[in-house]
Amino acid sequence: MANRVLIFDTTLRDGEQSPGASMDLEEKVRIARALERLRVDVIEAGFAIASPGDFAAVKAVAETVRDSRICSLARAREEDLDAAAQALKPAQAPRIHTFIATSPIHMQYKLRLPADQVLEHAVKAVRYARNFVDDVEFSCEDAGRSEPDFLCRIIEAAIDAGARTINIPDTVGYAIPGPFGSLIAELLNRIPNADKAIFSVHCHNDLGLAVANSLSAIQQGARQVECTINGLGERAGNAALEEIVMALRTRNDLFGLETRIETTEIVPTSRLVSSITGFPVQPNKAVVGANAFAHESGIHQDGVLKHRETYEIMRAQDVGWNTNRMVLGKHSGRAAFKARLEELGIQLASDQQLMSLFARFKELADKKHDIYDEDLQALVSAESVAAVPQVYQLLSLEVLSKTGQPPEACLRLMVHQQEKQVQATGSGPVDACFRAIEAIANSGTLLELYSVNAITSGTDSLGEVQVRLNEAGRIVNGQGADTDILVASVKAYLDALNLLHNAAERAHPQRNIDGV
């Protein structure tokens, strides 16, 4: 491992802990397939004990993926470890990732246990996990605020108990690069059996330093880094996979380290995760943002034209911009459509689902000339939305908007199999539409987020809208896509209401479970 860094992706677990980022099983499997094409070393598929949905998702990913290790998180409790082991049974290369808090503040106020008992729980958990798998990872939750002496004690004991990966998480994003790197070096130097485990880091971005802290740790000997696509994660997010991978590749002169990541899959994977979670990527986001390789300044443009490396330290093609793009249109047949879906790692359950999706594709092709991969991903997401029992359905929409007059929306909806029509005015056309819906639904929810994202360029682009509703602490993301942004907005709002109405909708993973 001297010259190799393992990439541990936790988009499906920690990334999903972003409020409103909950994914269903089919969406998790789609992302897992993309991560496999990206060639990440470890996929943390979920927190098996958290809910039946999480258990099923870990199991489904374990059944599907063969080229990456599949991991489930588990607290240092036998019931957690049992659930993780059961969910991971189909995996070709399973890993159990168990953890316990080690910082004074967590041990005193959360665990309410003395340090010696925390150490006993850790050792017991690792030994118990080794009954199921050979590959056990142990994490010291809130290691960034833990005392180095205690970290040395508990890590040495965990390695003796059978842990082969030791994770040092900066759980609350408190660390600073220099001292955090020094902590990793201290642990590697002081722990007698440190050579028997791979040391890993898992950094949060509360101070905007997750990537910097991870790279500092790598420089000091960490050889696994835990990260997410687009830096997704609870609070301010996690270290961004794409930034860490490209930093190691671009500054190989400094790090001298390799990963096995297929970098041309970075942008496609980023866009897939954005589409499924409804979290748009900001234009100036490093590596995967729309402006990451754009040049506005005349001086920069002149330099790039003369010699690209004057202002570009990476090639856009190397991370997947404008590569492997097949453009489909209204004359494309079902075979070409199906083939492209398969190339994107999208597997359909039946011919009936293919026909339904192909019909949606044809409808879109009548509205816009060229259909790109991003459009196809959005269509598949819309098909998943349609699979949710539809209490609220849009039949028709008419909006009148004139300068100097409040916009007015007239909607025909199907509500509990009954057709209803309603009108409302608002401060804008979208506001008028939402007020009209609420005149019927009377949901009592709080609209926390309304986000519009053009999936591709051009005025005929398919627009994707995300609506986040909060019902007494229960958060759901609704999504809608259409070339008409008002229609997409209404679809997204109705999707959120349908999710709230269905009792099976999964609760936030952090509601009853603590994680790293």
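Structure values in brief
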{"quantity": "Residues within the stretch 401-416 that are surrounded by fewer than 17 Cβ atoms within 10 Å (Cβ to Cβ) and either closer than 17 Å to Lys491 by Cα or in contact with a strand residue (DSSP E or B) (Cβ under 7 Å, 6 or more places away or on another chain) (or both), tallied", "calculated": "5"}
{"quantity": "Qualifying position, being closer than 27 Å to Asp195 by Cβ and surrounded by fewer than 21 Cβ atoms within 10 Å (Cβ to Cβ), among Ala115, Ala129, Ala122", "calculated": "Ala115"}
{"quantity": "Looking only at the stretch 151-182, and only at residues there that are more than 20 Å from Ala74 (Cβ to Cβ) and touching a Leu at 6+ places or on another chain (Cβ under 8 Å), the one that is surrounded by the fewest Cβ atoms within 10 Å (Cβ to Cβ)", "calculated": "Ile176"}
{"quantity": "His97 being touching a strand residue (DSSP E or B) at 6+ places or on another chain (Cβ under 6 Å) and surrounded by fewer than 20 Cβ atoms within 10 Å (Cβ to Cβ)", "calculated": "no"}
{"quantity": "Residue check for Ile154: closer than 26 Å to Glu16 by Cβ and more than 23 Å from the chain's Cα centre (by Cα)", "calculated": "no"}
{"quantity": "In the stretch 338-373, the residues that are farther than 23 Å from Lys28 by Cα, of a type in the set (A, V, I, L, M, F, W, C) and exposed (fewer than 13 other Cβ atoms within 10 Å of the Cβ)", "calculated": "Ala359"}
{"quantity": "Contacts under 8 angstrom Cβ, first residue in the stretch 261-282 being modelled with pLDDT of 90 or more, partner among the aromatic types (Phe, Trp, Tyr), 6 or more apart", "calculated": "Val267/Trp321; Val273/Phe279"}
{"quantity": "Filter result (closer than 25 Å to Glu234 by Cβ and in contact with a Cys (Cβ under 9 Å, 6 or more places away or on another chain)) within the stretch 134-154", "calculated": "Glu137, Gly144, Ser146, Leu151, Ile154"}
{"quantity": "Qualifying residue in the stretch 71-84 (condition: closer than 30 Å to Gln466 by Cβ, in a loop (DSSP other than H, G, I, E, B) and at pLDDT 95 or above)", "calculated": "no"}
{"quantity": "Residue that is nearest to Ser200 (Cα to Cα) [pool: residues in the stretch 100-126 that are assigned to a helix (DSSP H, G or I), touching a strand residue (DSSP E or B) at 6+ places or on another chain (Cβ under 7 Å) and β-branched (Val, Ile, Thr)]", "calculated": "Val126"}
{"quantity": "Residue in the stretch 36-46 that is surrounded by fewer than 22 Cβ atoms within 10 Å (Cβ to Cβ), assigned to a helix (DSSP H, G or I) and among the aliphatic types (A, V, I, L, M) present", "calculated": "no"}
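The values are calculated or read from the model by the stated rules, or taken from the named source; none is laboratory data. Just so it is clear, the model here is predicted, and its values are computed rather than measured. Cβ: placed from backbone, ideal geometry, glycine included. Neighbour counts: every protein chain shown.
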